[in-house]
Amino acid sequence: MTSQNTKPEMLSGAAMVIRALADEGVEYLYGYPGGAVLHIYDALFQQSKVKHVLVRHEQAATHMADAYARASGKAGVVLVTSGPGATNAVTGIATAYMDSIPMVVLTGQVMSHLIGEDAFQETDMLGISRPIVKHNMSVRRPEDIPYLIKKAFYIAQSGRPGPVVLDIPKDMTMPNERYPYQYPESIKLRSYNPTAAGHPGQIKKAVTALLKAKRPVIYAGGGVIMGQAAEELTELARKLNYPVTNTLMGLGAYPAADRQFVGMLGMHGSYEANMTMHHADVILAVGARFDDRVTNNTKKFCPDATIIHIDIDPASISKTINAHIPIVGLVKPVLAAMLAQLEQKKAQPDAPALATWWQQIDEWRAVHGGRYDNDTPVLKPQAVIEAVSRITKGEAYVTSDVGQHQMFAAQYYQFNKPNRWINSGGLGTMGFGLPAAMGVKLNYPDADVVCVTGEGSIQMNIQELSTCKQYGLGVKIINLNNGYLGMVKQWQDMNYESRYASSYMDSLPDFVKLAEAYGHVGIRVTKPEELQPALERAFASKDQLVFLDIHVDPKEHVYPMQVPGGAINEMFLSKTKRT
Amino acid sequence: MRHIISVLLENEPGSLARVVGLFAQRGYNIDSLTVAPTEDATMSRLTLVTHGNDQVIEQITKQLHKLIEVVKLQDLSESAHVERELMLIKVKATSGEHRDEVKRCADIFRGQIIDVTAKTYTIQVVGTSDKLDAFIEALKGASIIEVVRSGVSGIARGEKTLTL
Ligand SMILES: Cc1cc2nc3c(=O)[nH]c(=O)nc-3n(C[C@H](O)[C@H](O)[C@H](O)COP(=O)(O)OP(=O)(O)OC[C@H]3O[C@@H](n4cnc5c(N)ncnc54)[C@H](O)[C@@H]3O)c2cc1C
Ligand SMILES: Cc1ncc(C[n+]2csc(CCOP(=O)(O)OP(=O)(O)O)c2C)c(N)n1
Ligand SMILES: [Mg+2]
């Protein structure tokens, strides 16, 4: 077909919005209707390519879209109305922003001529969202809609990914005003053009430094997951036989079951990961941003290390920790280039030094090794996660909320594949877990999708159990019910002489009945011996939502835990032991 | 240290708010900010004066670069450049002796008296920020009524440019 003499189709602004999404390959749109977007909803109704998921609160729509992006690597899409619809989406936008997740959020807006008049359901969404988006834009002419939607996807998904908000005044979507529609194939912006390949000279330097290392470590983060580079990372690590640690966001970038994996690093990282980092002479940081939950006191951070830092965002490099060999680029091509150079070079890593280093690491492994006291009549949260990991063979998609349960999931679930661990690390958003699990389950109906949560967090978006019923989303909810805002309580135990200011929740609902009220199955587990049969029942079916209300030890703490203000290797290892 | 950063910015609604918001959000200092369209109507040029240690300035330039609408930027203070600021200053000038002194002072600083009443002079002075500070200092005796400063504009010397 030649496009020369075919006249472009004439579409209304509303129809263009939906058509552009279809042309972008969007299958699901997560949202909630309201006055400002009714024309768009009507256009949605008149086609079948783009399917809409009606949540119960706009925050859930953003987390669903976000989790889809984390699992698939493609931007999730949200549609909400102006005013309260848009402000309800704010937490979800900020959550995606902090973890560099691609997302496109379409927000309705009042008619253009009413903007600035405090019109009904008017909020300045561009102003509100500015500090928590990669970019935001508004539609000023209906005929620009295809271009602006393409631009939104391009910006959200390229370079360092992030959320983009497109604000659409209602008069841009009038059903009876039609404009020529053509979806751009690609977009070029003179002011935005992120680099992909790293500087060859820097890559060469990095390879030389890596080969000279006597005590090397690879520190991999969320950039490896979102940059689809787990394979290259694993190949590089194996070729060199260097230890690998992952950040909370990087879990799955390197298989947890592998001998070279020393666990997560940071505040609740493993003893061996933090020791390995502290004593390293060369650190290869890949798609990680030296967050304060990783470094602890930056002044005491890894005193002997030459730091090689690969990141697509120059602003992540030398922000908190100075990088000696910075490489700006996408992890995938940069790691591939490093592998190619290693292939060429005759030089091998320093084998004797490496042997000594591994011996040292294995000694550190023996010190703590993730041990916890499981010799009690009360169920331990760690034991629950280990059981879930076993029954799903480390292959499930695991989403989580925020708190102790999140850390236990990170420490005790064996993530052997990337894009399977889905949690809010940067913002730490309670309420993320259930909608996130829904977003994954909808797109991967045949997979096991587990939501690890706490009785505090789950109540922040509990209404979504209704959405789960409507769309048949058989997620498995593992509610580690300790009767407390456990993470807060742990801090109060450690720093406030156990004064539990508002960390105990009275009057919790009967979660089993609650699940049943929404049309799901609920199972309560209170004794260790009840756990395995309950899990077997829950995972027997793929499409039944099962809410497992598991009563765990309310006194348990997450360890290791870094000592505030200390170096990365200063940790509490139990209630009575510290480094 | 004081830095003068020049920025070419897409002339889109909200793009200036993004720059200013960035400084507020991340706690960077803005000592002065000027902005106006260039010969190309699709772009504005900003001149920002800020201060901070090397690490802060590095983050400022990197974060500015990250804004989608920032086309190009340059830290003028890294090389030879010209900077100018314009000041309008209204002073009390009542007695004959007083008026003479203000006038002499303005001449020394190559200022121009651009408005006169029986009781006031309004003087325009152009120069570096230091020069304008010095002029204010020199006028301390005469009572200053009002001061308006434009903020710094700057351009690199020689062949170096900030253009598309
Ligand atoms: C209760 C709680 C406890 C926590 N404890 C810990 C802890 O013990 N340990 C821990 O690690 N974290 C912990 N966190 C999480 C922490 O707050 C940060 O979110 C996390 O450390 C950041 O991970 P990251 O460095 O991998 O960076 P991310 O936030 O994942 O950022 C990715 C980086 O990679 C870059 N990037 C993205 N894509 C690419 C690409 N394709 N190519 C190149 N670069 C790319 C980005 O520019 C960015 O710099 C905790 C959070 C909570 C809520
Ligand atoms: C929206 C939100 N509010 C407050 C917090 C602070 N916070 C972090 S963890 C936590 C407790 C979570 O309790 P629960 O979900 O029961 O998990 P537990 O720690 O007990 O496993 C709180 C209140 C947060 N992260 N997010
Ligand atoms: Mg709890």
Revision key, fill the gap. Relative contact order in percent for the range A:35-122 (Cα pairs under 8 Å, 6+ apart) equals 31
**Study point:** For the range B:153-159, Karplus couplings with θ = phi - 60° (6.51, -1.76, 1.60), whole Hz, Gly/Pro x
**Key:** 10, x, 8, 6, 7, x, 6
Check your understanding: Placing +1 at every Lys and Arg Cβ and -1 at every Asp and Glu Cβ, with all other atoms neutral, what dipole size does chain A have around its Cα centre, in debye to the nearest 20?
Key -> 1440
Point to revise | Cα-centre dipole for the range B:2-78 with unit charges at Cβ (Lys and Arg positive, Asp and Glu negative), debye to 20 | key: 220
Exercise for review: Using +1 at the Cβ of each Lys and Arg and -1 at the Cβ of each Asp and Glu in chain A, identify which of A:P528, A:V53, A:V294 lies farthest towards the dipole's positive end.
Suggested key: A:V294
Check your understanding: Using unit Cβ charges (K, R positive; D, E negative) and no other charged atoms, how large, in debye to the nearest 20, is the dipole of the range A:381-558 about its Cα centre?
Key -> 320
Review point. Aspartates and glutamates near A:K577 by alpha-carbon distance under 19 Å, same-chain residues fewer than 8 away left out - which ones?
Key: A:E272, A:E363, A:D373, A:D375, A:D493, A:E497, A:E556
Check your understanding: Over chain B, what is the mean sequence separation of C-alpha contacts under 8 Å (at least six apart), divided by residue count, expressed as relative contact order in percent?
Key -> 28
Review point. Hey, could you pull the Cα Rg and Dmax for the protein assembly as shown, both in Å?
Key: 29.7, 103
Check your understanding: Over its Cα atoms, what ratio of radius of gyration to 2.2 N^0.38 Å does the range A:510-579 give?
Key -> 1.66
Practice item. Please give the FRET efficiency for B:A80 paired with A:Q121, using the beta carbon to beta carbon distance and R0 = 56 Å, rounded to the nearest 0.05. Key: 0.55
**Study point:** 31 Å Cα-Cα threshold exceeded, pairs from A:K214/A:K299; A:K74/A:K489; A:K417/A:K469; A:K300/A:K346; A:K188/A:K346; A:K489/A:K527
**Key:** A:K74/A:K489; A:K300/A:K346; A:K188/A:K346
Point to revise | Descending principal axes extents, the range B:2-78, alpha-carbon based, whole Å | key: 35, 24, 19
Study note, to complete from the structure: Regression test value, accessible area per residue of the range A:1-56, probe 1.4 Å, units Å², expected 54
Point to revise | Those residues of the range A:295-329 for which accessible area with every protein chain present is at least 50 Å² below the isolated value (1.4 Å probe) | key: A:A315, A:K319
Practice item. Would you count, across chain B, every pair of lysines whose alpha carbons are under 12 angstrom apart, provided the pair is eight or more residues apart or spans two chains? Key: 5
Review point. Once both axes come from the Cα atoms, what is the angle between helix A:230-240 and the longest principal axis of chain A, in degrees from 0 to 90, rounded to 10?
Key: 20
Revision key, fill the gap. Between the residues B:M1, B:V71, B:M87, the Cα farthest towards the positive end of the dipole of chain B, that dipole coming from +1 and -1 charges on the beta-carbon of Lys, Arg, Asp and Glu, is from B:M87
Point to revise | Residue-normalised accessible area of chain B, expressed per residue, 1.4 Å probe, Å² | key: 52
Practice item. Select from the range B:49-85 all residues whose loss of accessible area on going from the chain by itself to the full protein assembly reaches 50 Å² or more (probe 1.4 Å). Key: B:Q59, B:K62, B:K66, B:I68
Check your understanding: Within chain A, what's the longest stretch lacking GluC sites (Glu not before Pro) that sit in DSSP loops with no more than 10 other Cβ atoms inside 10 Å?
Key -> A:186-496
Point to revise | Computed [θ] at 222 nm, deg cm²/dmol, the protein assembly as shown (DSSP H ≥ 4; -39,500 (n - 2.57); rounded to nearest 500) | key: -10000 deg cm²/dmol
Practice item. Place +1 on the Cβ of every Lys and Arg and -1 on the Cβ of every Asp and Glu in chain A, take the dipole about the Cα centre, and give the residue among A:I115, A:Y504, A:G394 whose Cα lies farthest towards its positive end. Key: A:G394
Review point. Taking a point 7 angstrom from the Cα of A:E9 along the C-beta vector, which residues in the range A:19-43 have backbone N less than 19 Å away?
Key: A:19-29, A:39-43
**Study point:** Chains B and A, summed buried accessible surface - 1.4 Å probe, Å², nearest 100
**Key:** 1700
Practice item. Would you calculate the separation in nanometres between label points at A:E395 and A:Q182, each defined as 7 Å from the Cα along the Cα-to-beta-carbon direction? Key: 4.8
**Study point:** Accessible surface, per residue, of the range A:466-567 when the full set of protein chains is kept, probe 1.4 Å, Å²
**Key:** 46
Point to revise | B:E12 paired with B:T94, simple spin-label distance in nm, labels 7 Å along Cα-to-beta-carbon | key: 5.6
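The values are calculated or read from the model by the stated rules, or taken from the named source; none is laboratory data. Bear in mind that the values here come from a model prediction, so they are computed numbers and not experimental data. Counting neighbours? That spans all protein chains shown, and the Cβs are built from the backbone with ideal geometry, glycine included. Heads up: the accessible areas ignore ligands, DNA and RNA and are worked out on the full protein's heavy atoms, side chains in. Shrake-Rupley method; radii C 1.70, N 1.55, O 1.52, S 1.80 Å.
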